[in-house]
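Written out below as structure tokens is the structure these notes cover.
The values are calculated or read from the model by the stated rules, or taken from the named source; none is laboratory data. If you're wondering where the values come from, they're calculated on a predicted model, not measured in any experiment. FYI the Cβ positions are ideal-geometry reconstructions off the backbone, even for glycines, and counts take in every protein chain you see.
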Amino acid sequence: MNQQSMKDPPKRPKRSRADAPRRAAGRPAKADNTVGSAALLETTCEMLREIGPEKITLAAVARRSNVDPRLIRYYFNDRAGLLRATVDSLSKRYQNMAEERIDAEDSAEMQLRKRFETFLEFQLEYPYFRRLLVDEIIPSADQEAERVLRDISERGVGNYASILEQGDAAGSLRMVDPQLFYVCLIGMQEMAAVGAPILRKLGHPAIDSPNYAKIFSKFAMDLILDGLKAREAK
């Protein structure tokens, strides 16, 4: 046996990760073709009925949807993108609810009552929606998040401004600052949802009624429209 044959066979050079072939950007190869962006958004919306936004991660949504997390990144890029799209989707869902209930022939007062009650029902259905806005969207410096927040706010203020203008023209309402009015209404709707345990502790019967949203909305609108001043005797 010669000396050359006793030598170890030549070793192949090790390949670094940088040398490894990369998969082209796009939908994951093993992605479930039955799950698209709309289905992933719907799953995220469903989760907001049950848990706070801090618990909504790409991994959690992927497990709930039974998909690879890379599919969510494919559609939404990252968690922030998913949450922005969720806020946008839920906001449009509320708008559709309101438009279905409000008739063009309704008085300004009736429109106000219907819009308030509709959003309160929406708030009770998605109790973590407001936290999603406050915790994830408002603090974000992302331009797309700012656009979503601006669109929601301008649309809400615009809707109430239109109602106030209609009522003012008809002599049934007086014109007030629509932006401050919008924020006041949001505060009442928010507390109607998060303040429910307080009412339960106090033993208020409305909290366990299936018509809680209707009961609270009527109280709030009566308070806004009639105030606390005693009615003059007829």
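Residues that are over 30 Å from G158 (Cβ atoms) and either surrounded by 13 or more Cβ atoms within 10 Å (Cβ to Cβ) or of a type in the set (G, A, S) (or both) within segment 199-234 comprise L199, G203, H204, A206, I207, S209, A230, A233, listed in sequence order. Does at least one position in segment 148-155 carry a residue that is farther than 26 Å from R49 by Cβ, within 19 Å of the chain's Cα centre (by Cα) and modelled with pLDDT of 95 or more? Within segment 148-155, one or more residues are farther than 26 Å from R49 by Cβ, within 19 Å of the chain's Cα centre (by Cα) and modelled with pLDDT of 95 or more. For segment 177-198, state whether one or more residues are surrounded by 12 or more Cβ atoms within 10 Å (Cβ to Cβ), over 30 Å from A85 (Cβ atoms) and among the aliphatic types (A, V, I, L, M). Within segment 177-198 (the criterion being surrounded by 12 or more Cβ atoms within 10 Å (Cβ to Cβ), over 30 Å from A85 (Cβ atoms) and among the aliphatic types (A, V, I, L, M)), the answer is no, since none of the residues qualifies. For A104, indicate whether it is free of Cβ contacts under 8 Å to residues at least 12 places away in the same chain, over 22 Å from I152 (Cα atoms) and surrounded by fewer than 16 Cβ atoms within 10 Å (Cβ to Cβ). Here the answer is no, as A104 does not meet what is asked. Filtered by the rule that a residue be more than 17 Å from E136 (Cβ to Cβ) and in contact with an Asp or Glu (Cβ under 8 Å, 6 or more places away or on another chain), segment 69-83 gives a lone residue, L71.
Residue by residue, here is whether (1) buried (at least 19 other Cβ atoms within 10 Å of the Cβ); (2) among the small types (G, A, S); (3) under 30 Å from D208 (Cβ atoms) holds:
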{"site": "L71", "(1), (2), (3)": "yes, no, no"}
{"site": "L90", "(1), (2), (3)": "yes, no, yes"}
{"site": "Y94", "(1), (2), (3)": "yes, no, yes"}
{"site": "E125", "(1), (2), (3)": "no, no, yes"}
{"site": "Q143", "(1), (2), (3)": "no, no, no"}
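Would you call A104 under 30 Å from L173 (Cβ atoms), outside any helix (DSSP H, G or I) and not acidic (D, E)? In short, yes.
Cβ-Cβ contacts under 8 Å between residues 6 or more apart (or on different chains), taken from a first residue in segment 24-48 that is closer than 30 Å to R130 by Cβ and at pLDDT 90 or above to a second residue that is among the aliphatic types (A, V, I, L, M) and part of a loop (DSSP other than H, G, I, E, B), are listed as L40/V67; T44/I56; M47/I56; L48/I56. The residue that is farthest from the chain's Cα centre (by Cα), among those in segment 107-132 that are assigned to a loop (DSSP other than H, G, I, E, B) and modelled with pLDDT under 95, is P127. What is the one condition in (1) over 15 Å from L124 (Cβ atoms); (2) part of a helix (DSSP H, G or I) that I215 does not satisfy? It fails just one condition, (1).
In this structure, does A62 turn out to be surrounded by 10 or more Cβ atoms within 10 Å (Cβ to Cβ) and either part of a helix (DSSP H, G or I) or at pLDDT 55 or above (or both)? Considered against the rule, which asks whether it is surrounded by 10 or more Cβ atoms within 10 Å (Cβ to Cβ) and either part of a helix (DSSP H, G or I) or at pLDDT 55 or above (or both), A62 comes out as yes.
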